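Take a look at the structure set out below.
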Amino acid sequence: MPTVEFEGHTFNIDEDGFIDSFENFNEKWIQLVKKEEGIDELNDEHKKVIEVLQDYYKKNGIAPMVRILSKLTGFKLKHIYELFPSGPGKGACKMAGLPKPTGCV
């Protein structure tokens, strides 16, 4: 499994760059993915999406579908794409430390 190093932390990643396990997630992972996503600064809306994704994953073992994510955050899908340019599946789930979604996220 490939690895990536960032500010003294080493992360195992899959072929798509997602962290190998949610248990290995930490704040340094967010900073790494934020940089990859081209996001200068995380605001409260970014943090809310990440928190909702993580809470849903902890309860259900999967990432929520986009319509559920939109409902839980109160953000329209268009706004989520503005926050995470590569989308809720690739950008937001990746930043939240979730495995790569297999369904419609």
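The values are calculated or read from the model by the stated rules, or taken from the named source; none is laboratory data. If you're wondering where the values come from, they're calculated on a predicted model, not measured in any experiment. The area values use the complete protein model at the heavy-atom level, side chains included, leaving out ligands, DNA and RNA. Shrake-Rupley method; radii C 1.70, N 1.55, O 1.52, S 1.80 Å.
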- [ ] Leaving ligands, DNA and RNA out of it, report the carbon-plus-sulfur percent of the accessible area of the chain at a 1.4 Å probe.
- [x] 49 percent
- [ ] Give me the accessible area per residue for segment 10-83, probe 1.4 Å, as a whole number in Å².
- [x] 62 Å²
- [ ] With θ set to phi - 60°, apply the Karplus curve 6.51 cos²θ - 1.76 cosθ + 1.60 along segment 15-25 and write out the HN-Hα couplings as whole Hz, x wherever there is a Gly or Pro.
- [x] 5, 9, x, 7, 4, 5, 7, 4, 5, 8, 5
TODO: Quote the relative contact order of the chain in percent (integer), defining contacts as alpha-carbon pairs under 8 Å separated by 6+ residues.
DONE: 31 percent
Open item on the list: When the expected Rg is taken as 2.2 N^0.38 Å, what fraction or multiple of it is the alpha-carbon Rg of the chain?
Closed with: 0.99
- [ ] Note the angle between two axes, namely the Cα long axis of helix 44-60 and the longest principal axis of the Cα atoms of the chain, as a number of degrees from 0 to 90, rounded to the nearest 10.
- [x] 80 degrees
Task: Reachable aspartates and glutamates, given that their alpha-carbon falls under 20 Å from the alpha-carbon of residue 48 and they are not under 8 places away in the same chain - done: 23, 27, 36, 37, 40, 82
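On a 22 Å Cα-Cα criterion, which of the cross-link pairs 58/78; 35/71; 47/71; 34/71 come out too long? If you can, show how the numbers build up before the last one.
Values: 58/78 25 Å; 35/71 27 Å; 47/71 16 Å; 34/71 24 Å.
Over 22 Å apart, Cα to Cα: 58/78; 35/71; 34/71.
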